[in-house]
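The values are calculated or read from the model by the stated rules, or taken from the named source; none is laboratory data. All values reported here derive from a predicted model rather than from experimental measurement. So basically every Cβ, Gly included, is an ideal-geometry build from the backbone, and we count neighbours across all protein chains shown. Remember, those area values only see protein heavy atoms, side chains included, never the ligands or the DNA or RNA. Shrake-Rupley method; radii C 1.70, N 1.55, O 1.52, S 1.80 Å.
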Amino acid sequence: MDAAHLPLEGGEGSHIGLAVVKTPKPADVLCGRGKMALDHIGNDCFRVLISRAVNAYQAAPTKKSKTHVIHKIVDTVHARGGRFLIHKNGQWIDGGVEQGKRKTGYALRDAARGRVKCIFEPAPIAKFENQEPSIQTDNMRD
């Protein structure tokens, strides 16, 4: 296994109960700014998920149905073996579901407002290809 999960020390600003990750995997989504996050393959796949879900998010009539779209994306990332990682104090920390929901919500709102850059369809990734998400809310199904 390429990731070591170690408990962090408590203290102000620490992520108690979250795991330290030695090396991000290709399926991971790196949270933050900069070239590392922009160029990471997991972030490319995440941006594609966002671009495919933005219409469902915009069409969702209630906050609950928008939250459902967010959960579907987070679940898809996790189903592919990905995590939402935060770079803090020189370490990668697994931000868990809460970080995933936060990042996904921001990304969908930015995409809905036309603020997104670099959304494109990357070359197909064989191990991700068969796990295409179905991003629809229950209220939107025929």
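Some observations on this one:
- Which listed residue, of Lys101, Lys88, is in contact (Cβ under 8 Å) with a residue 12 or more places away in the chain and more than 10 Å from the chain's Cα centre (by Cα): Lys88
- Criterion violated by Tyr106 - all others in (1) part of a helix (DSSP H, G or I); (2) aromatic (Phe, Trp, Tyr); (3) surrounded by 18 or more Cβ atoms within 10 Å (Cβ to Cβ) satisfied: (3)
- Annotation: of all residues in region 21-46 being assigned to a loop (DSSP other than H, G, I, E, B) and in contact with a helix residue (DSSP H, G or I) (Cβ under 6 Å, 6 or more places away or on another chain), the one that is farthest from Gln99 (Cα to Cα) is Pro26.
- Where Ala79 falls short, out of the listed (1) touching a helix residue (DSSP H, G or I) at 6+ places or on another chain (Cβ under 8 Å); (2) at pLDDT 95 or above: (1)
- So Ala53, is it of a type in the set (A, V, I, L, M), at pLDDT 95 or above, part of a loop (DSSP other than H, G, I, E, B) and crowded, with 19+ Cβ neighbours inside 10 Å: no
- When Lys25, Lys63, Lys35 are checked against the criterion of being in contact (Cβ under 8 Å) with a residue 12 or more places away in the chain and open to solvent by 40 Å² or more (accessible area, probe 1.4 Å), Lys25 stands alone in meeting it.
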